[in-house]
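A short reminder: the numbers here are calculations on the coordinates, not readings from a lab. Computed from a prediction, not measured in an experiment: that's the story for all the values here. Virtual Cβ from ideal backbone geometry, glycine too; neighbours counted across all protein chains shown.
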Amino acid sequence: MTFTTGSNPRAPSMEVYLDWIVRAWDALPKNQVINSFKVCGLTNAGDGSEDDFIHCFKAHGPIPEGCVVYADPPGERFTQCCKDTGIPCAETCVYPPPPPSAEEAVCLSDNFNPFVKCYTNGKNNRACCQGKGVEKVGKGQCLDLCDGTGTYTPDWKYWACQQVVNDIADCNSKA
């Protein structure tokens, strides 16, 4: 700590303040922040051309024009289903699922059918996925990820579905 000529403590630099703010923000549990708001809305393009920032607003507060608003975000249902089903890597249960780490890939392989059932809300969303051209990837195997009513064998062939993960997630999140 440095002092002024009058022996008073000198204020920290702006860099010190900003560093503290970033560390404090990063230390906050994400669920606590998300759950402190009742409604979230996407305020950017839904076609993936912009970053996927989610802006949250207090219930009954102003919501910017043009927002897509979910009163009960579908991702919460997906995550909760994975937790309730006992999938140990439930952190991957978000729309769209991120490319898994090696450890998560093993977990998802071991829990493939319960994951797909949660991902699709237990419904057959193939028609929606076909409308987005999902079947054109590989030999059509990606349609399996749109149907939570079937039983599938985990296979490397599903890695190709990362190409259409946003389309699949869009259909499944609306189920």
Q.
I need Met14, Met1 ordered by Cβ neighbour count within 10 Å, fewest first.
A. Met1, Met14
Q) Counting Lys +1, Arg +1, Asp -1, Glu -1, what net charge surrounds Ala175 among other residues with beta carbon under 10 Å of its beta carbon? A) +3
